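Inspection log for the structure reproduced underneath, given as structure tokens.
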Amino acid sequence: MNNPQLNKNGEMQHLLTIEGLPRGMINHILDTAENFLNPVDREVKKVPLLRGKAIFNLFFEPSTRTRTTFEIAAKKLSADVINLNVGASSTSKGETLLDTVDNLTAMQADMFVVRHAQSGAAHLIARHVQPHIHVVNAGDGRHAHPTQGLLDMFTIRYFKKEFHNLRVAIVGDVLHSRVARSQICALTTLGVPEVRVIAPKTLLPAGIERMGVQVYHDMLQGLKDVDVVIMLRLQNERMRGALLPSAQEYFKYYGLTLDKLALAKPDAIVMHPGPMNRGVEIDSDVADGAQSVILAQVTFGIAVRMAVMSILAGSHAA
Amino acid sequence: MKIHIKNGYLVDPKNGVDGQFDIFVAAGKVVSFGKEPDGFQANRIIDATGLTVCPGLIDLSARLREPGYEYMATLESEMAAAVAGGITTLVCPPDTDPPLDEPGLVEMLKYRAKSLNQARVFPLGALTQKLEGARITEMAELRDAGCIGFSQADAPLVDTQVLWRAMQYAATFDFTVWLRPQDAHLAKGGVAHDGEVASRLGLAGIPASAESVAMATILTLVRETGARVHFCRLSTRTGVEMLRAAKADGLPVTADISVHAAHLCEMDIGFFDANCHLIPPLRSQRDRDGLRQGLADGTVDAVCSDHAPVDDDAKFLPFAEAEPGATGLELLLPLTLKWAREMNLPLSTAIAKITAAPACVLGLNAGNLAPGQPADLTLFDPDQYWKIEPHALKSQGKNTPFSGVELQGKVRMTLVEGHVVYESV
């Protein structure tokens, strides 16, 4: 099975998923991101690398945070950014996904940043576009959110330096989470020896252990001695079906509180891809506490997205 | 018209014929094979040197898309594809638009098909009106119009009381009920096998239990009602095991699998290949091996093309939104031969699964070359390799997971009732 995001020379043509990305490539992205970040005040530099390039933010699904960080990243690279909230325009008029892409290509696009509710949408677009166009997956259904996965790796590396000696726990709705899938692919590729997922059986996809993780249903056991705790967002609509009985019961057994966090290593960090549901998956004391690195993730996200876009455009500084 | 097909290798599994025999056809019927009948004066002599001659193939499921979905395929295109694939008899499911729930629709379809003078078409009537799963259809009238059995196709039949009554009613007239076992609730929203690949790709899963739960219900009602049931497109190893046990208990059940399921599994989806979006979903490798074995040992009676032509636009969509189905009429023979070769089974076993066995499911005296039988014949080169080039397929559906793959076994000529309906140049 050839990896559709690499070109014949093994270079990254698109970023669609972390699955199948070589470890060296991931490290290269993280190193490049580091170059964009001032080591002292963590400020992100502005550079002229993508001057004259047109980057289209193509969001078929509403998102504020991800779209904004992509927009900031593109502007820091001096690119021209066009935001399209496609969900509200063409598709509702019956235009197909690929027709939309064709039309935008005709408007001289160099790169598409795509968010879509269906798993595989970014792959479909990448297969369809002309060879000079790059596609960045900004989240497709439950499948992947590779820039989020990469910024999470950047965050872990920033605070923990190495990957080979870590225990990482991912807690919550893995079933519906593209973020969790990208994190698992990244963590296992980077050589984290122990990746745990903690969730009730209703929120775990079938055969998740085949992705190289250890499954825990008891959060108290799963958090024991971990270095990194990653909390996943739980959407309210999950409470409406047969997956979970109530937000209260979920918080009691799978919400992160200071008491539960005490089971992890004393220097464990707490991460969350956002947006958070305080009191559902995470207690405010933890979210705002000393071990939380949630806001650092957001800043790093800009540098990592700059790295991805500049590497794709083939004009990175490194 | 008298035809003498000479120097061919004749395979007729039903009659145990497997050897170098000439075959003689007159007035649309098989006269004899082996020795030339006294005074036989052929109008046409067909040289079948190097070719295998077998009964015309019988396909238990081919969607022709008429009426209602002519943008996907037409009777003309799909009948041409059938005979190019060596298929002389096919069963079409009732999920057309409107569904085949009224005798007039069935008569029209039969008439349209017959006027094309190619393969024989046996429609399945809808089991419930509009396939909505609420009210049963006029089954006896539909039978008189030409339906060979009754089916829900892929439409759910959630209400088990309706299923129970439909089976009772069908049993009254000794009709066969064709059901694809899938529990509608367990399958809700799913687009791929609930396993490793769907989990990795973030696709909503259909658990294997959706099939076994439905089979348990249906088998219970078979015992209760005495209805004869044909299970369509089994997809799981457990399903095959349940079928084996039911047959051992003497229940009047038969089953088929799709030829795709005999070769492909969830892994073939790769990175969202919409050509592998099929119904039922491609399951695990272990399930696939169970299906292959079940077909070999006769638990599964027959293999079908599960032909479902889809237009390109409907496939160029994200996996879950892409229209399920694959073109199959022209691939049934080579893929069945491939299965038999890989299982170390003789050619006659492969042929049986697409001739005599499906005839038996249909309760037809067909799929064999006994003297007096209609001369439905397929001549193919069992050794010839050919590459599956979608644009070269006769079917209007170009969607196949086997695009670009080289397969062995190519149809060279097809006869229906003694008429040459397909001949490759």
Listed by range, helices (runs of 4 or more DSSP H) wholly within segment A:86-193 having at least 1 residues that are more than 11 Å from chain B (Cβ to nearest Cβ) are A:97-105, A:146-160, A:178-189
Go through (1) over 20 Å from A:PHE112 (Cα atoms); (2) at pLDDT 95 or above for A:ALA74 and report which single condition fails.
(1)
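Select from segment A:117-139 the residues that are of a type in the set (S, T, N, Q) and in contact with a Ser or Thr (Cβ under 9 Å, 6 or more places away or on another chain) and write down the one among them that is nearest to A:PRO273 (Cα to Cα).
In the first step, residues of segment A:117-139 are kept if they are of a type in the set (S, T, N, Q); the result is A:118-119, A:130, A:137.
In the following step, the residues that additionally are in contact with a Ser or Thr (Cβ under 9 Å, 6 or more places away or on another chain) were identified as A:130, A:137.
Numbers: A:GLN130: 32, A:ASN137: 16 Å.
Applying the filter and picking the extreme gives A:ASN137.
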Close pairs from segment A:8-35: first crowded, with 20+ Cβ neighbours inside 10 Å, partner of a type in the set (Ser, Thr, Tyr), Cβ under 6 Å, at least 6 apart:
A:ILE18/A:SER182
On the basis of being buried (at least 24 other Cβ atoms within 10 Å of the Cβ) and in the same structural domain as B:ALA84 (by TED's automatic domain parsing), does B:LEU186 make the cut?
no
Kindly indicate whether A:VAL213 is touching a residue at least 12 places away in the same chain (Cβ under 8 Å), within 14 Å of chain B (Cβ to nearest Cβ) and over 16 Å from the mean Cα position of the chain (by Cα).
yes
What strands (runs of 3 or more DSSP E) lie completely within segment B:21-88 and have 2 or more residues being farther than 30 Å from B:GLU323 by Cβ?
B:23-26, B:29-33, B:44-47, B:52-55
Residues B:LEU278, B:LEU282, B:LEU317, B:LEU332: which one is outside the structural domain of B:PHE380 (by TED's automatic domain parsing), modelled with pLDDT of 95 or more and out of contact with any His (no Cβ under 7 Å at 6 or more places or on another chain)?
B:LEU332
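So which helices (runs of 4 or more DSSP H) stay within segment B:202-318 end to end and still have 2 or more residues that are within 14 Å of chain A (Cβ to nearest Cβ)?
On the way: elements: B:209-225, B:237-248, B:285-296, B:312-315.
Per the criteria, B:209-225, B:285-296, B:312-315.
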Going through segment A:28-60 in order, the residues found to be over 15 Å from A:GLN297 (Cα atoms) and not in a loop (DSSP other than H, G, I, E, B) are A:HIS28, A:ILE29, A:ASP31, A:THR32, A:ASN35, A:ALA54, A:ILE55, A:PHE56, A:ASN57, A:LEU58, A:PHE59
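Here are B:ASP22, B:ASP18: which of them is surrounded by 13 or more Cβ atoms within 10 Å (Cβ to Cβ), without any contact (Cβ under 8 Å) to a residue 24 or more places away in the chain and not assigned by TED's automatic domain parsing to the domain that holds B:ALA113? Talk me through it step by step, then tell me what you get.
Values: B:ASP18 fails: without any contact (Cβ under 8 Å) to a residue 24 or more places away in the chain.
Answer to the check: B:ASP22.
Look through A:ARG127, A:ARG157, A:ARG142 and report the one residue that is farther than 16 Å from A:GLN183 by Cβ and among the basic types (Lys, Arg). Before you say what the answer is, go through the steps one by one.
On the way: A:ARG157 fails: farther than 16 Å from A:GLN183 by Cβ; A:ARG142 fails: farther than 16 Å from A:GLN183 by Cβ.
Just one listed residue meets the conditions, A:ARG127.
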Output the residues belonging to segment A:122-140 that are buried (at least 24 other Cβ atoms within 10 Å of the Cβ) and farther than 18 Å from A:GLY20 by Cα.
A:ILE125
When B:HIS185 is evaluated against the numbered criteria (1) within 14 Å of another protein chain (Cβ to nearest Cβ); (2) in a helix (DSSP H, G or I), which criterion, by number, is the only one it fails?
(2)
Using the structure shown, decide if A:GLN221 is in a helix (DSSP H, G or I), within 14 Å of chain B (Cβ to nearest Cβ) and either over 17 Å from the mean Cα position of the chain (by Cα) or closer than 21 Å to A:ILE18 by Cβ (or both).
no
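The values are calculated or read from the model by the stated rules, or taken from the named source; none is laboratory data. Computed from a predicted structure; not experimentally measured. Virtual Cβ from ideal backbone geometry, glycine too; neighbours counted across all protein chains shown.
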